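The structure appears right after this line, and notes come after that.
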């Protein structure tokens, strides 16, 4: 059976192989490197909805290859803190009694495709911005959990998707804002899942509701133009 690392590696290899095909070779490709700062925000058994109070610093570095004028392939490494507490805003009387909290470091690797709604790279137009959507696959690892109420791996898969806005500063540099959710298949980001409430320890949550997290941030990107090689006409 393939491991999670092998699955993600296969996805990255498949995406990168696209760029070496004859079809994409006909497109004037541009490679991009970028860096961004923002926040991770958790949702789960301690916080059911997005709450900025639970946001913690995060940063990202990425490589992007433009497949066409509107579609790009992006690989990114994103890391930061993830935390929440029942003290901030208890969900109910049980949560107040539970008084749980967590504070972990999360490192994520992801591969996503981006779709831009406008042809913002056309030098003949004055349009200098575009909204965009993205989706793909990712893997994340966590550290800092002190106790494990169940056996689980600290490395898990996720589905990142979201959107944002990009703005061109000049042909080589542009800024972007994005917000994206990471849908997980994991219920122990907060170290809380299902427990037997008959023991009256209140350390239980909803086992049918997996934990998720968001990345919200700004980034700056440097574009590198590809120079096509000369071809022998004979």
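Nothing in this text is a laboratory measurement; each read-out follows from the coordinates by a stated rule. In this text, all values refer to a predicted model and were calculated from it rather than measured experimentally. Note that each Cβ is placed from the backbone with ideal geometry, even for glycine, and that neighbours are counted across all protein chains shown.
What ranking of 35, 132 emerges when the number of other C-beta atoms within 10 Å of each C-beta is taken as an exposure proxy, fewest first?
Fewest-to-most ranking of 35, 132: 35, 132.
For the residues 188, 50, what sequence is obtained by ranking on other C-beta atoms within 10 Å, fewest first?
So the residues, fewest neighbours to most, are 50, 188.
Grab the beta carbon distance between residue 115 and residue 152, set R0 = 41 Å, and tell me the FRET efficiency rounded to 0.05.
The value I calculate is 0.75.
Calculate the FRET efficiency for residue 31 and residue 161 from the Cβ-Cβ distance with a Förster distance of 25 Å, rounded to the nearest 0.05.
Step by step, r from the Cβ atoms, then E = 0.60.
Using the number of other C-beta atoms within 10 angstrom as an exposure proxy, rank 46, 133, 106 with the fewest first.
Ranking 46, 133, 106 by Cβ neighbours within 10 Å, fewest first, gives 133, 106, 46.
Report the gain in length on full extension from residue 105 to residue 173: 0.36 nm times residue separation, minus Cα-Cα distance, nm rounded to one decimal.
In short, 21.4 nm is gained.
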